[in-house]
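The values are calculated or read from the model by the stated rules, or taken from the named source; none is laboratory data. Predicted, not measured: the structure shown is a model, and the values here were computed from it. In this analysis, Cβ positions are derived from the backbone assuming ideal geometry, glycine residues included, and neighbour counts consider all displayed protein chains.
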Amino acid sequence: MAEIIDGKAIATKIRSQLLIRANEFENRYGRKVGLAVIRVGSNPASAVYVRNKIKACNECNIRSLSYELDENVKSEQLVELIHTLNADAQVDGILVQLPLPKHIDERAVLAEIDPKKDADGFHAVNAGKLFLGEKDGTVACTPRGIIELIKSTGVPIRGKHAVVVGRSNIVGKPVAAMLLANDATVTVCHSRTVNLKEITLSADILVLAIGKSKFITADMVKPGAIVIDVGMNRDENGLCGDVDFDGVKEVAGYITPVPGGVGPMTVAMLLCNTVDGAVHE
């Protein structure tokens, strides 16, 4: 039976440490750490995410600035707001809530954020620094949280075979780079991978980020493996991950639940990135 990796509890501990750092920053500089969150349109899921981030900011003594723009806003107007926030010395982190409406080029918009204020870690400069092994870039929130969850088990990453299923720019690619940086041997799988089961069965660390409900079953997991489920899907019972949790927990050594695993860590790492950006300004 696997040990459950409680992402919510780990995130709560991290946030308590962030509160101390944020208070120290305010005492030293006479202002709060500031995070600006931009939301375009009325996507209900995005609205929930933004509310959760603002609530988390308040709990960590981080000043949150929320900007809600009309769904039909022009790219130029969005970019103008980003430039204003780039120049604002009271703002240490900027986050543009994704996805954006189809008429807006997400990559072009994200490229306008000052890399030093890129709280999400999506800017090409920060992604490049990660892949070059440079330590002064901002790392994408979910991958950073995943590494923290793995480390929380006490099992060394060095020398382990890590398999990442999913090759997105947001999770798959950056978490693979971070696992490499921690001296794992890394295999990245995707929709065109042949013999997926054979590969996942060899994984000491298995990270799933494919968006397919309960896709990974117990017969695809090595006994004792660390299983990190990034999936956020819905089935007839509500939220579920990419892993068949009830089956896989009987085989794995450690496993994250959905919800309560990776999700809370993503928000905690967003706040970490913001505080880190303020402290290192």
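Select, from Ile14, Ile20, the only residue that is exposed (fewer than 14 other Cβ atoms within 10 Å of the Cβ), β-branched (Val, Ile, Thr) and closer than 28 Å to Thr153 by Cα.
Answer to the check: Ile20.
Taking interchain pairs and intrachain pairs at least six residues apart, which have beta carbon atoms under 8 angstrom, with the first residue in region 121-143 and more than 24 Å from Gly7 (Cα to Cα) and small (Gly, Ala, Ser) and the second surrounded by fewer than 16 Cβ atoms within 10 Å (Cβ to Cβ) and modelled with pLDDT under 95?
Once the first residue is more than 24 Å from Gly7 (Cα to Cα) and small (Gly, Ala, Ser) and sits in region 121-143, its partners that are surrounded by fewer than 16 Cβ atoms within 10 Å (Cβ to Cβ) and modelled with pLDDT under 95 give Ala127/Asn169.
Name the single residue, out of those in region 37-71 being closer than 15 Å to Leu81 by Cβ and in contact (Cβ under 8 Å) with a residue 60 or more places away in the chain, that is surrounded by the fewest Cβ atoms within 10 Å (Cβ to Cβ).
Gly41
Can you work out which of the residues in region 39-53 that are among the small types (Gly, Ala, Ser) and over 18 Å from the mean Cα position of the chain (by Cα) is nearest to Leu78 (Cα to Cα)?
Among residues in region 39-53 that are among the small types (Gly, Ala, Ser) and over 18 Å from the mean Cα position of the chain (by Cα), the one nearest to Leu78 (Cα to Cα) is Gly41.
So which residues in region 202-218 are in contact with a Lys or Arg (Cβ under 7 Å, 6 or more places away or on another chain) and either over 16 Å from Ile146 (Cβ atoms) or not assigned by TED's automatic domain parsing to the domain that holds His161 (or both)?
Listed by number, the list holds a single entry, Ser202.
Condition check: outside the structural domain of Lys55 (by TED's automatic domain parsing) and either farther than 19 Å from Ile147 by Cα or part of a strand (DSSP E or B) (or both). Does Ile199 satisfy that?
yes
For region 152-186, how many residues are aliphatic (A, V, I, L, M), over 16 Å from the mean Cα position of the chain (by Cα) and crowded, with 18+ Cβ neighbours inside 10 Å?
Within region 152-186, residues that are aliphatic (A, V, I, L, M), over 16 Å from the mean Cα position of the chain (by Cα) and crowded, with 18+ Cβ neighbours inside 10 Å number 5.
How many residues does region 123-152 contain that are among the small types (Gly, Ala, Ser) and assigned to a loop (DSSP other than H, G, I, E, B)?
Total meeting the criteria: 3.
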